[in-house]
Amino acid sequence: MSYQIHQNQIPERLVSFEGKEYRWLGGTNYLNIGSHPLFQEKLQEGIQIFSQNWGSSRLNNYRMDVWENLEDVMAKRFGVEAAALCSSGMLAGQTVMQYIQQKYPEASISLAPKTHPALWRHPHKPAAGNFMDWKKDAQILCMDGIGAPWVEEFLTGFEQNLSSDQTLIVDESHRLGIVSTRIDTPANLIQTSSLSKAFGIPAGLILGTKADIAEIKKDPFWVGGSPANPAYVYACLHAQEAYDERISKSQELARAFTQNAQYVSLVKDYPAFSSADTKLFDHLKSHGFLCNQFAYPDPNAPAICKAILPTSMYLADIHDLVGVLALYPRD
């Protein structure tokens, strides 16, 4: 079933659909940061300070420190040398691909199966087939840190066997701020991410070495892009305690779920699950839970049952969800 809900507010724990109220498991608003009082306070401050979006290049003669300050905080939070903000996760991915293809014009590039379009760069598209059969001896390797919409874990050890001559580019949009993004690899590592998911701001992020980030910030593709909205960047910068609080709750909910859930595809201690079973959506819906059921990223593909465990949920909701899955009739 593919469906639509038309409302003029961002959903929290409950949504109304077809005249009934459901506990909401859809979207990608993992931390529900927009409802946190500290984030709201800092966003209001940010709007007062930065009264409009700032569309000028970061290399403009007039510069503001808010972007570099958040880049420094994010680099420290995620244990890397440097970071670069972009206006979206898609632009972050495309900027890195632009940069890497110019740096290594003759390099072989291989995209893992199901890699998000943010890392696609013509003529390179994701390999077909299974991730375990993916050819990993190219000079440039691109992949997702965790699968989305299919919840799959990919970084299970192969990355430790790469060489220092290789570059590993990882889209972390569905791990950043949710679970650890530390990657143990001898390869040169560049990570990209949307910040609109867990961090709840309209921006993207590139993480890497000082050398790579410095070169990326000289690339016309990055220079020519408008920076992230400064009011939201300010809010993110000054609401780090709110993120820590919500991340802790997300981890608590994820542990409670993944230790007990049945019949779905999941990753240990990760707050999301998926299923190809088209009947599961109806089963969850009949028991008061509403998740996503649509085709992504290919709109012509079969619909996928995908759910997250947002921090607006209570532990009691997670226990109920586990119980509902246990009741699911199996053929």
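Below is a table of values for the structure above.
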read-out	value
Which numbered condition residue 71 fails, given (1) open to solvent by 40 Å² or more (accessible area, probe 1.4 Å); (2) more than 28 Å from residue 253 (Cβ to Cβ); (3) acidic (Asp, Glu); (4) assigned to a helix (DSSP H, G or I)	(1)
Residue in segment 281-301 that is among the acidic types (Asp, Glu), farther than 30 Å from residue 199 by Cβ and surrounded by fewer than 18 Cβ atoms within 10 Å (Cβ to Cβ) present	yes
So residue 198, is it touching a helix residue (DSSP H, G or I) at 6+ places or on another chain (Cβ under 8 Å) and under 24 Å from residue 253 (Cβ atoms)	yes
Those residues of segment 124-137 which are surrounded by 15 or more Cβ atoms within 10 Å (Cβ to Cβ) and either assigned to a loop (DSSP other than H, G, I, E, B) or in contact with a Leu (Cβ under 8 Å, 6 or more places away or on another chain) (or both), in sequence order	124, 126, 127, 134, 136
Selection status of residue 33, under 20 Å from the mean Cα position of the chain (by Cα), modelled with pLDDT of 85 or more and closer than 22 Å to residue 231 by Cβ	yes
Number of the exception - residue 95 against (1) under 24 Å from residue 270 (Cβ atoms); (2) part of a helix (DSSP H, G or I)	(1)
Subset of segment 1-60 [within 13 Å of residue 291 (Cα to Cα), buried (at least 19 other Cβ atoms within 10 Å of the Cβ) and of a type in the set (A, V, I, L, M, F, W, C)]	24, 25
Residue tally, condition over 18 Å from the mean Cα position of the chain (by Cα) and open to solvent by less than 10 Å² (accessible area, probe 1.4 Å), over segment 306-321	4
Yes/no for residue 121 being of a type in the set (D, E, K, R), open to solvent by less than 70 Å² (accessible area, probe 1.4 Å) and farther than 21 Å from residue 218 by Cα	no
Subset of segment 186-227 [closer than 27 Å to residue 161 by Cα, polar (S, T, N, Q) and either touching a strand residue (DSSP E or B) at 6+ places or on another chain (Cβ under 6 Å) or open to solvent by less than 10 Å² (accessible area, probe 1.4 Å) (or both)]	188, 191, 192, 193
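Quick grid of which residues meet (1) modelled with pLDDT under 95; (2) assigned to a loop (DSSP other than H, G, I, E, B); (3) closer than 26 Å to residue 254 by Cβ:
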residue: 175; (1), (2), (3): no, yes, yes
residue: 191; (1), (2), (3): no, no, yes
residue: 205; (1), (2), (3): no, no, yes
residue: 212; (1), (2), (3): no, no, no
residue: 218; (1), (2), (3): yes, yes, no
residue: 221; (1), (2), (3): yes, no, no
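The values are calculated or read from the model by the stated rules, or taken from the named source; none is laboratory data. Model, not experiment: these values are computed from the prediction. Cβ: placed from backbone, ideal geometry, glycine included. Neighbour counts: every protein chain shown. Heads up: the accessible areas ignore ligands, DNA and RNA and are worked out on the full protein's heavy atoms, side chains in. Shrake-Rupley method; radii C 1.70, N 1.55, O 1.52, S 1.80 Å.
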